[in-house]
Amino acid sequence: MTADTWVHIPPGSDFTLANLPYGVFADDAGARCGVAIGRQVVDLAAAHSAGLLEELPERVFAGASLNAFAALGPEAWGGTRRRLVDLLSDPGAAPRLRLIDQSTITMRLPMQIGDFVDFYSSEHHAANVGKMFRPDQEPLPPNWRHLPIGYHGRASSVVVSGTPIRRPHGQRRPRSGDRPTFGPSRLLDIELEVGFYTGPGNRHGEPIPVAEAEDHIFGLCLVNDWSARDLQAWEYVPLGPFLGKSFATTVSPWVVPLHALQGHRVAPPPQDPPVLPYLQTTGPTGVALDLTVDLNGTTISRTGFGSMYWSMAQQLAHATSNGASTRPGDLFASGTVSGPGDASAGSLLELSWNGTRTISLDDGDSRTFLEDGDTVTMRAECGTGGDRIGFGPCVGTVLQTG
């Protein structure tokens, strides 16, 4: 038992009272919404039925997604969070809350995702890719410092952590010769990313101003944007990513409220040249998260989210600047998060420098790209002790090719 809550929270837990992430879980009683604390989940549907969250609309937590709650906006999010903190801080509330052990439940996708956009917002990642594939040119394309580059992914292929990943098939261009072949990807990769889900959204034709963008950000998650580099290399000219990306994207099951991260906000890197007025922001728009990637139990990358060149607010403002609309539950991902050092890259493409360097594992094995049976685990955290906030693991294992 901590000094802040009557719920037992093990040392090093991701889910302290400072966090309280939302998710969707299932057991014999069906799927519904909950909040994680320690090793437990607060059944929000039961809490609402018991009159503990009576200010919210009926059955807002009874369904198999958080979309209805996300649609309510920041005032409802803040009020619910304050109420949960009060309940979990008051031992007298213990008999009135239903807590369920996380070992007895199955996590589902937290949102019904209508649209998925993936950005390219890490300067270090974009520069590494440029140096790798355009060594005789400037690493960054001319537009990169002027707008958050992104593409629309496939929402139907977003899966929750723990879902096995099937190696995709597609067209591959041999290293010599011009005629492609069709078969399983030989260059299967990962991309360490941080995503956010939208809340209320905007009307079609009405952009979200950058100063108001965070009012539409419900919460954050981890994202592994699996990538088939050989398929991608053959297909991406002239229209960009397609089948090399759309086969699977893994998200962590818990949605960390943006409000929980307020004490970990940081100023973004200076933007030079200055961005256009519709993208100009002030104050700490970044989030200082420590990120790690493990491959078969070996930590192969450590990096930070606080150095991202383009912020979440800028991404959302740009995505809607042409009048495109967003809806509750839309997913926006940061793009690969990479740092300045060799061991701080968020993809195997960079860590192996396109297969020219081997990545050593603790079991004596080595990799350049993923092999069948490999398990990738991504984590994000900030803070310490009772103020620690973790996202929970984002895990995927590559199935044996049949």
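The values are calculated or read from the model by the stated rules, or taken from the named source; none is laboratory data. Because the structure is predicted, anything quoted here is derived from the model rather than measured. Using ideal geometry, Cβ is built from the backbone for each residue, glycine included, and neighbour counts are taken over all protein chains shown.
To keep it simple, each residue is scored yes or no on (1) out of contact with any Asp or Glu (no Cβ under 7 Å at 6 or more places or on another chain); (2) on the phi > 0 side of the Ramachandran plot; (3) among the aromatic types (Phe, Trp, Tyr); (4) at pLDDT 95 or above.
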{"residue": "174", "(1), (2), (3), (4)": "yes, no, no, no"}
{"residue": "181", "(1), (2), (3), (4)": "yes, no, no, no"}
{"residue": "190", "(1), (2), (3), (4)": "yes, no, no, yes"}
{"residue": "207", "(1), (2), (3), (4)": "yes, no, no, yes"}
{"residue": "238", "(1), (2), (3), (4)": "yes, no, no, no"}
{"residue": "243", "(1), (2), (3), (4)": "no, no, no, yes"}
{"residue": "255", "(1), (2), (3), (4)": "yes, no, no, yes"}
{"residue": "258", "(1), (2), (3), (4)": "no, no, no, yes"}
*Which listed residue, of 167, 175, is in contact with a Leu (Cβ under 9 Å, 6 or more places away or on another chain) and among the basic types (Lys, Arg)*: 167
*Out of the residues in segment 27-48 that are among the small types (Gly, Ala, Ser), under 21 Å from residue 75 (Cα atoms) and without any contact (Cβ under 8 Å) to a residue 60 or more places away in the chain, which is surrounded by the fewest Cβ atoms within 10 Å (Cβ to Cβ)?*
45
*Does segment 341-349 contain at least one residue that is acidic (Asp, Glu), out of contact with any strand residue (DSSP E or B) (no Cβ under 6 Å at 6 or more places or on another chain) and assigned to a helix (DSSP H, G or I)?*
yes
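Select from segment 350-378 the residues that are part of a strand (DSSP E or B) and surrounded by 15 or more Cβ atoms within 10 Å (Cβ to Cβ) and list them in ascending order. Lay out the reasoning, then the answer.
Keep residues of segment 350-378 that are part of a strand (DSSP E or B), which gives 359-360, 366-367, 375-378.
Residues satisfying the conditions are 359, 367, 375, 376, 377, 378.
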*Assuming residue 316 fulfils every condition listed in (1) more than 27 Å from residue 134 (Cβ to Cβ); (2) surrounded by fewer than 24 Cβ atoms within 10 Å (Cβ to Cβ) apart from one, which condition is it?*
(2)
*Subset of segment 75-129 that is basic (Lys, Arg) and surrounded by fewer than 14 Cβ atoms within 10 Å (Cβ to Cβ) - its residue that is nearest to residue 143 (Cα to Cα)*: 82
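For segment 31-45, state whether one or more residues are at pLDDT below 95 and of a type in the set (D, E, K, R).
Taking segment 31-45 first, the residues at pLDDT below 95 are none.
No, every residue in segment 31-45 fails to be at pLDDT below 95 and of a type in the set (D, E, K, R).
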*Does residue 59 qualify as being at pLDDT below 95, of a type outside the set (Asp, Glu) and touching a helix residue (DSSP H, G or I) at 6+ places or on another chain (Cβ under 8 Å)?*
yes
*Kindly list, by first and then second residue, each pair from a residue in segment 379-402 that is assigned by TED's automatic domain parsing to the domain that holds residue 162 and assigned to a loop (DSSP other than H, G, I, E, B) to a residue that is of a type in the set (S, T, N, Q) and surrounded by fewer than 23 Cβ atoms within 10 Å (Cβ to Cβ), limited to pairs with Cβ atoms under 7 Å and residues at least 6 apart or on different chains.*
393/161; 393/377
